[in-house]
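Enquirer: Pasting a structure here, questions to come.
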Amino acid sequence: MKRVVFLAGILALGFAVSTAARADYAVVRFKDGSCKPWLMSSAKPLEPGWKYHWTGLKSWEAAEGKKHYALKHKWCKTFS
């Protein structure tokens, strides 16, 4: 019985170590129409009137790409 419990503990530890840390990114659209990439696991924007445009993106580069796609299709505004 001790061997079974020990084996279960080793397997549980192995599964916990093998799962990669997940960082979800999103594109956030603000009230003024501008869009920015956003790290979803961090604090939410303080500015009122924002909403997620895309969520669940796997990298910062993917979020930047989606932002540029939204700019190209005029879903977001660009400010100089």
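Enquirer: For segment 54-80, which residues satisfy the criterion of being more than 10 Å from the chain's Cα centre (by Cα) and more than 12 Å from Val27 (Cβ to Cβ)?
Expert: Result: Glu61, Lys72, His73, Lys74, Lys77, Thr78, Phe79, Ser80.
Enquirer: In addition: State which residue pairs qualify: first residue modelled with pLDDT under 90 and inside segment 55-70, second residue loosely packed, with under 15 Cβ neighbours inside 10 Å and of a type outside the set (Ser, Thr, Tyr) in any location, beta carbons under 6 Å apart, and separation of 6 or more residues or different chains.
Expert: What qualifies is Gly56/Asp24.
Enquirer: I'd like to check something: does segment 26-41 contain any residue that is modelled with pLDDT under 85 and in a loop (DSSP other than H, G, I, E, B)?
Expert: Checked against the condition, which is being modelled with pLDDT under 85 and in a loop (DSSP other than H, G, I, E, B), segment 26-41 yields at least one hit.
The values are calculated or read from the model by the stated rules, or taken from the named source; none is laboratory data. Because the structure is predicted, anything quoted here is derived from the model rather than measured. For neighbour counting, all protein chains shown are included, and Cβ atoms are generated from backbone atoms with ideal geometry for every residue, glycine included.
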